[in-house]
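Comments concern the structure below.
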Amino acid sequence: MTGIICGTGSYAPSYIMDNNEIASMVETSDEWIRERTGVATRHIIKDETTVSMACEAAKRALDDGGVKGEEVDLIIVSTISSNVILPCTACEVQKELGAMNATCFDMSAACSGFVLAYNTALAYLSGGMYKTALIIGSESLSNLTNWKDRGTCILFGDGAGAAVMRAKEGRMYLPVTHSDGMKGKALTCLSRHTKVSPEHMTDPEYYMQMDGQAVFKFAVKKVPEAVNEVLEKNHIDKKEIAWYIMHQANRRIVEAVAKRLDEPIEKFPMNLQEYGNTSSASIGILLDEMKRDKRLKSGQKIVIAGFGAGLTWGASVMEWM
Ligand code: ACO
């Protein structure tokens, strides 16, 4: 028994912030940002919230998969930037979709979130506990971005990506996942839901802080290792892989991973130039784009790989529906 993705959906806020707008806030330039990151624009929330984007992406995924809300029996939302603590975002999505038979919970795994949500749903579906699952990554990172810090504000964007999964007879590919809490300091953000006086809420620790070079080095080493590990574990040759769909953090990271794997860069689709880094939403948004423009074809083997705060990283293999 396994689980397959049978529908995808995504949502991006209509407001687009380009690099020149960022250069009007901090000392940087369009040229520097493009060269070091590959990012040209990012979508930023105005009226949207993490919940509203999750709902819209989820509705589109259900429509795409021809699945009714009441058929869904598991909803997992991965987010680090929800506008609600209680009830969880997944329950808010349930309410909006009328998915009254679903068990709902959120998970927090930052940029590895979509991969971990996929793995979690896969375990439930293949184990026979549920038949239909909805996984969503939704992020309003602009709320956690320090717009005075040029080392981070150039990177992030907002959006949501979703996938509907169904239990199906067939081979289940085993995923590879790792965590290293000892390196947690590389990417941090304090919770604002503490007994801290309001004047301290603007301190930089209440926004994402990152040791950019440490994260970069970690990603280019650990992601190829995880990809090789997942292929070996499932006895799959690299030649069989049609696409490596990686968390969209930085063009240079994706290029370095392709090089270390000795695989052509054409197998590594990117949309970070438009969206920036949308954390747990990025893989879902890219899968949806690729499904809609028909780059994903039935029977193709795909690797998804995530990495981020924690530190956490992992890779999974799937066969496209
Ligand atoms: N514009 C202009 N100059 C800048 C900027 C900027 N936006 N940011 C930093 N600089 C300067 C620095 O001050 C430094 O100047 P100095 O040499 O005078 O001290 C110089 O540029 C080089 O700084 P570095 O930090 O060494 O720049 P680097 O080439 O490492 O690029 C970056 C920085 C883009 C953040 C890079 O480290 C990176 O991409 N890291 C990975 C980040 C990432 O992808 N994180 C997300 C993954 S995890 C997750 O998704 C949550």
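Quick notes on this structure:
- Averaged over residues, the count of other Cβ atoms within 10 Å places the peptides 129-138, 244-253, 94-103, 231-240 in the sequence 129-138, 244-253, 94-103, 231-240, highest first.
- The lysines within cross-link reach of Lys183, meaning a Cα-to-Cα straight distance under 20 Å and a gap of 8 or more places when in the same chain, are Lys217, Lys221, Lys222.
- Per residue, region 169-243 exposes an accessible area of 65 Å² to a 1.4 Å probe, with every protein chain left in place.
- Accessible area of the chain belonging to carbon and sulfur atoms, whole % at 1.4 Å probe: 51 percent
- Estimated purely from DSSP H runs of n ≥ 4, each contributing -39500 (n - 2.57), the mean residue ellipticity at 222 nm for the chain is -9500 deg cm²/dmol once divided by its residues.
- Projecting the Cα atoms of Thr312, Gly159, Asn228 onto the dipole axis of the chain, where Lys and Arg carry +1 and Asp and Glu carry -1 at the beta carbon, places Asn228 farthest toward the positive end.
- For the chain: rounded, prolate or oblate by the Cα gyration tensor [a/c cutoff 1.5]: oblate
- Listed residues Ser81, Ser280, Ser191, most fluctuating in the chain (Gaussian network, C-alpha, under 10 Å): Ser191
- Calculated accessible area for region 268-321 comes out at 27 Å² per residue, all protein chains present (probe 1.4 Å; ligands, DNA, RNA ignored).
- In the full protein context, region 1-91 carries 43 Å² of accessible surface per residue, based on a 1.4 Å probe and ignoring ligands, DNA and RNA.
The values are calculated or read from the model by the stated rules, or taken from the named source; none is laboratory data. Small disclaimer: the values here were computed from a predicted structure and weren't measured. Reconstructed Cβ throughout: ideal geometry from the backbone, glycine too, with neighbour counts over all protein chains shown. Quick note on the areas: whole protein, heavy atoms, side chains included, nothing else; ligands and nucleic acids left out. Shrake-Rupley method; radii C 1.70, N 1.55, O 1.52, S 1.80 Å.
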